[in-house]
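Participant: Dropping the structure in here first, questions after.
The values are calculated or read from the model by the stated rules, or taken from the named source; none is laboratory data. Keep in mind the model is a prediction, meaning the values are calculated, not measured. All Cβ positions, even for glycine, are placed from backbone atoms using ideal geometry, and neighbour counts span all protein chains on display.
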Amino acid sequence: MYETMRISVRFTTTVSCVAMSTSISVELSLYPLTPDYKPPIRAFIARLKANTKLQVVSNTMSTQIQGDYDEVWDTLKREMRPNLTGAYRVVFAAKFMGPAEKSL
């Protein structure tokens, strides 16, 4: 009744992907809950500025960080830990914006 046919089909697809870097900006303020609050803030900012892949700008109210999404998050995760696990309590206040503009 029915005949069966064997059909062989081969598809070749070339896909080109362009890796796009997603840049974000973060405005971050650190409030150490200790009378001697300046040294922890200065140390934190110095650790952020040590990463040359990020743009870090500080003023009296906050620090702005700009760079590749993964680089910013990896740096924040690594550099916030000493403050969050230290001898005294701290508060971080943050604002995130993405995609970031060309420069701070």
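Participant: Identify, by number, the condition in (1) modelled with pLDDT of 95 or more; (2) under 22 Å from the mean Cα position of the chain (by Cα); (3) surrounded by fewer than 10 Cβ atoms within 10 Å (Cβ to Cβ) that L30 doesn't meet.
Facilitator: Condition not satisfied by L30: (3).
Participant: Still on this structure: Among all residue pairs at least 6 apart or on different chains, which show Cβ distances below 7 Å where the first residue, located in the range 84-104, is modelled with pLDDT of 95 or more and the second is among the charged types (D, E, K, R)?
Facilitator: Listed by first residue and then by second, the contacts come to A94/E27; K95/E27.
Participant: Right, another one. What is the residue count in the range 34-83 for residues that are surrounded by fewer than 17 Cβ atoms within 10 Å (Cβ to Cβ), touching a residue at least 40 places away in the same chain (Cβ under 8 Å) and either over 19 Å from S23 (Cα atoms) or of a type in the set (G, A, S) (or both)?
Facilitator: Of the residues in the range 34-83, 1 are surrounded by fewer than 17 Cβ atoms within 10 Å (Cβ to Cβ), touching a residue at least 40 places away in the same chain (Cβ under 8 Å) and either over 19 Å from S23 (Cα atoms) or of a type in the set (G, A, S) (or both).
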